[in-house]
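Asks: Provided herewith is a single structure, encoded as structure tokens, for subsequent inquiry.
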Amino acid sequence: MIELRDIYYTRLGTRDLEGAEKFTTEILGLQIAGKTKDRLYLRGDNKHHSLCYFLGEPTDHTIAFELSNWTDVNNALDQLKNSNVTCGRGTDAEAQDRHVESFIWFLDPTGNRIELVSRPHDASRRYFPSRDAGITGFGHVGLCSTDPARDQAFWLDHFNAMVSDWIGQCPLLRVNTRHHQMALFATNHKGIQHINYQVAEIDDVMRSYYFLKEKNIKIVFGPGRHATSSGIFVYFEGHDGMIYEYSNSDRKIIESPQDHRPRQFPMHPSSFCVWGAKPDIAEFQD
Ligand SMILES: [Fe+2]
């Protein structure tokens with residue numbers, strides 16, 4: 001069993017780093033943590049970064065989790081190898097690029113690239129946002145899955161992942177007491193389906209809703225409240241068409257993981273929003 005502490009960062013390829021910088025700083029509200037000719041690192045909390053855009057294919061997505069135990073890198077790699085999972089160790093140069101001391105990577109059954117990092121770097125100064133979006137940190141990702149039941153079994157077999165709730169066949173998974181760090185959504189391809197940043201309160205969600213409308217950013221869902229995490233949310237289209245979400249879902253803490261009963265919600269718009277907002281997002285439709 002590989003113990004994960006939390007989701008840590010995402011990496012997204014892009015052909016347009018300038019556009020990525022404009023969107024993430026002027027709209028999303030992240031802070032630039034570093035910039036090279038082919039990299040843009042962004043932070044939204046006390047980590048060195050939680051998002052890295054690199055010069056590459058816009059379909060090239062990676063997510064990373066932090067290992068609970070920093071001495072566990074070799075064990076984790078052995079376990080994945082023994083289970084015939086496609087995996088490997090990151091080089092020193094690759095670790096440097098990610099601002100971590102070491103990491104391994106693997107492909108989930110859908111083909112998503114996941115990195116497991118040890119001793120990721122923290123920022124020495126407090127987060128100073130580029131705009132006051134109320135961001136408190138990186139929350140979770142929606143991950144594309146070509147078979148959510150199969151991929152759920154993979155995460156439950158190899159990791160300390162637990163199901164918090166289901167919507168249809170799609171599980172919302174957690175590796176700590178917060179409601180979810182990852183949700184697997186059924187599609188016919190790999191990749192990140194959406195990226196969530198947590199905001200402090202409902203006022204931040206609504207303030208951003210009006211801000212995004214004013215800036216002609218396409219709102220694809222919300223404002224609304226999730227039936228699962230009870231988080232208040234707004235989803236919008238970002239750079240290269242990636243869907244970003246602000247929500248305060250992390251307020252839902254699973255205090256007693258062993259006693260938590262995962263709820264089964266049907267694949268229906270009302271399971272995504274109890275207020276009646278209809279998603280303009282393919283994977284959220286029945
Ligand atoms: Fe979400």
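Asks: Can you list the aspartates and glutamates whose alpha carbon sits under 18 Å from that of Lys81, skipping same-chain ones fewer than 8 residues off?
Replies: Within the straight-line limit of under 18 Å, Lys81 reaches these aspartates and glutamates: Glu3, Asp72, Asp108, Glu115, Asp151, Asp157.
Asks: Which net charge results when you count Lys and Arg as +1 and Asp and Glu as -1 among the other residues whose beta-carbon is under 9 Å from that of Phe103? List each step's numbers first, then the result.
Replies: On the way: positive: Arg89, Arg98; negative: Glu94, Glu101, Glu115.
Residues close to Phe103 contribute a combined charge of -1.
Asks: In addition: Can you list the residues of the stretch 50-94 with backbone N under 15 Å from a point 7 Å past the Cα of Asn160, pointing along Cα to Cβ?
Replies: 65-73, 76
Asks: What is the packing order of peptides 272-281, 38-47, taking the mean over residues of other C-beta atoms within 10 Å and listing the highest first? Intermediate values should be presented prior to the final figure.
Replies: Working: 272-281: 16.1, 38-47: 19.9.
Order by mean packing, descending: 38-47, 272-281.
Asks: Using the Cα centre of the stretch 135-284 as origin and beta-carbon charges of +1 (Lys, Arg) and -1 (Asp, Glu), tell me which of Thr136, Tyr244, Gly222 is placed farthest towards the positive end of the dipole.
Replies: Looking along the dipole axis, the top candidate is Gly222.
Asks: Viscosity 1.306 mPa s, temperature 10 °C: Stokes-Einstein D of the stretch 70-128 from its Kirkwood Cα radius, in µm² per second? Kindly include the intermediate steps, with their values, before the conclusion.
Replies: Values: Rh = 12.4 Å.
Estimated diffusion coefficient is 128 µm²/s.
Asks: So what is the calculated 222 nm ellipticity per residue for the chain, using -39500 (n - 2.57) for each DSSP H run with n of 4 or more, over all residues, to the nearest 500 deg cm²/dmol?
Replies: Helices in the chain give a 222 nm mean residue ellipticity of -5000 deg cm²/dmol.
Asks: Charges at C-beta only: +1 for Lys and Arg, -1 for Asp and Glu. How large is the resulting dipole of the chain about its Cα centre, in Debye rounded to 20?
Replies: 380 debye
Asks: Tell me, what are the semi-axes, in whole angstrom and largest first, of the equivalent ellipsoid of the chain as set by the roots of 5 times the Cα gyration tensor eigenvalues? Numbers along the way, then the final one.
Replies: Details: eigenvalues 139, 118, 59 Å².
Ellipsoid semi-axes (Å, largest first): 26, 24, 17.
Asks: Taking only C-alpha pairs under 8 Å that are 6+ residues apart, what is the relative contact order of the chain in percent?
Replies: In percent, rounded to a whole number, it is 16.
Asks: Between Asn69 and Lys278, 0.36 nm times their residue separation minus their Cα-Cα distance comes to what? The partial results should precede the final answer.
Replies: On the way: separation 209, 0.36 × 209 = 75.24 nm, distance 4.13 nm.
Using 0.36 nm per residue and subtracting the Cα-Cα distance, I get 71.1 nm.
Asks: I've got another one for you. Identify the GluC sites (Glu not before Pro) of the stretch 205-265 meeting these criteria: DSSP loop state and at most 12 other C-beta atoms within 10 Å of the C-beta. Please report the intermediate quantities before stating the final value.
Replies: Numbers: sites: Glu214, Glu237, Glu245, Glu255; in loops: Glu255.
Sparse-neighbourhood loop GluC sites (Glu not before Pro): Glu255.
Asks: Mind putting a number on the dipole of the stretch 4-120 about its Cα centre? Charges go on the C-beta only, +1 for Lys and Arg and -1 for Asp and Glu, and I need it in Debye to the nearest 20. It would help to have the intermediate numbers written out before the result.
Replies: Working: 14 positive and 18 negative charges, 19 e Å.
Approximately 100 debye in magnitude.
Asks: With a 10 Å radius around each residue's Cβ, average the other Cβ atoms per peptide and rank 121-131, 168-178, 185-195, highest first. Mind dumping the intermediate values first?
Replies: Details: 121-131: 12.2, 168-178: 20.9, 185-195: 17.9.
Descending packing order for the listed peptides: 168-178, 185-195, 121-131.
Asks: In whole Å, what is the distance between the alpha-carbon centres of the stretch 111-138 and the stretch 224-286?
Replies: One Cα centre to the other: 21 Å.
Asks: Can you give the translational diffusion coefficient of the stretch 4-120 in µm²/s, computed by Stokes-Einstein from the Kirkwood radius over Cα pairs at 4 °C and 1.567 mPa s? Display every interim value, and only then the final one.
Replies: On the way: Rh = 14.8 Å.
Once the numbers are plugged in, D ends up at 88 µm²/s.
Asks: What are the trypsin sites (Lys or Arg not before Pro) within the stretch 210-286 that DSSP puts in a loop, where the Cβ has at most 15 other Cβ atoms within 10 Å? Each step should come with its number before you reach the end.
Replies: Numbers: sites: Lys213, Lys215, Lys218, Arg225, Arg251, Lys252, Arg263; in loops: Lys215, Lys218, Lys252.
Passing both the DSSP loop test and the Cβ count: Lys215, Lys218.
Every number in this text was worked out from the coordinates using simple rules, so none of it is lab data. Just so you know, these numbers come straight off a predicted model, no measurement behind them. No Cβ is skipped: glycine too gets one built from the backbone with ideal geometry, and neighbour counts run over all protein chains shown.
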